[in-house]
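Just below is one structure, and these are the notes that go with it.
The values are calculated or read from the model by the stated rules, or taken from the named source; none is laboratory data. Nothing here was measured: the structure is a model prediction, and the numbers come from that model. Please note: Cβ atoms are built from the backbone with ideal geometry, for glycine as well, and neighbour counts cover all protein chains shown.
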Amino acid sequence: MKRWFFTFQYLYTMKKILAFAGSNSSTSINHRLVSFVASQIDDHEVKVIKLSDYSLPIYGEDLEKNEGFPSDLKELLKEIKSADALIISVNEHNSGVSAFFKNVVDWLSRIDRNYSEGKKILVMSTSPGKRGGMSALDYIKGVLPRTGGEVVDAFTFPSFYENFSKEDDKIKNDELSATVTKAIQTLLSEL
């Protein structure tokens, strides 16, 4: 019996999953959604971070040339590189990703063009509206493969305040709940 246990342990490796939202808002619903999704994963090491904890100035070529790469950027890249998978929830501003998140992506692509290389990625977006941040989601689904990552699933979560219970920390809409569960299962099956 003991021999089987060690064989199983050898075959099964706990994976590291890094989760974050593309928002710098202290009340971000995308952070709430990505945290909820991360909390649904067992048997893997899941770490939720806030990108706002990494101080990055607005990217500029002269800034990069004169000052180099910020230490917080190097720390963020280290977090990403150490993960096997990423879970990212992007917020939408004026039918695109937020300037905050675009800036993070710009810095990451400058320090390492293939910063998400080899990562399995689940992307999502939510908003108070019925489209659920669909334009921002479409943008990031197009960008991430160019940085080396593989988007294995994606979904929008429309009308956040009607479909998510902050008090109970759960999804109220059965169809959306099934969509989220399926997306998580797809990510985990790829690890």
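Worth pointing out:
- Long-range neighbours under 9 Å by Cβ, at least six apart or interchain, first residue free of Cβ contacts under 8 Å to residues at least 40 places away in the same chain and among the basic types (K, R) within the stretch 48-64, second part of a loop (DSSP other than H, G, I, E, B) and surrounded by 11 or more Cβ atoms within 10 Å (Cβ to Cβ): K50/S23; K50/N24; K50/S28
- Residues of the stretch 115-140 classified as among the basic types (K, R) and under 18 Å from K182 (Cα atoms), total: 1
- The stretch 14-27: number of residues that are surrounded by fewer than 21 Cβ atoms within 10 Å (Cβ to Cβ), under 17 Å from S98 (Cα atoms) and not β-branched (V, I, T): 3
- When the stretch 149-162 is filtered for residues that are farther than 15 Å from I87 by Cα and either of a type in the set (S, T, N, Q) or in contact with an Asp or Glu (Cβ under 8 Å, 6 or more places away or on another chain) (or both), only S159 remains.
- Yes/no for D43 being among the acidic types (D, E), in a loop (DSSP other than H, G, I, E, B) and over 26 Å from D138 (Cβ atoms): yes
- Checking the stretch 136-158 against the condition returns a match, with at least one residue being of a type in the set (S, T, N, Q), out of contact with any Gly (no Cβ under 8 Å at 6 or more places or on another chain) and buried (at least 18 other Cβ atoms within 10 Å of the Cβ).
- The residues of the stretch 101-142 that are part of a loop (DSSP other than H, G, I, E, B), out of contact with any Leu (no Cβ under 8 Å at 6 or more places or on another chain) and either farther than 22 Å from P57 by Cβ or of a type in the set (A, V, I, L, M) (or both), listed by number, are N114, E117, G118, S127, P128, G129, K130, R131, G132, G133.
- For the stretch 29-71, the tally of residues that are closer than 14 Å to L18 by Cβ and either of a type in the set (V, I, T) or surrounded by fewer than 17 Cβ atoms within 10 Å (Cβ to Cβ) (or both) stands at 11.
- Residue count for the stretch 78-96 under the criterion of being assigned to a strand (DSSP E or B) and either at pLDDT below 95 or more than 18 Å from T147 (Cβ to Cβ) (or both): the result is 3.
- Whichever residue in the stretch 82-95 is surrounded by fewer than 15 Cβ atoms within 10 Å (Cβ to Cβ) and in contact (Cβ under 8 Å) with a residue 24 or more places away in the chain and, among such residues, is farthest from L187 (Cα to Cα): S95
- Identity of the residue in the stretch 163-191, touching a residue at least 40 places away in the same chain (Cβ under 8 Å) and assigned to a helix (DSSP H, G or I), that ends up surrounded by the most Cβ atoms within 10 Å (Cβ to Cβ): L187
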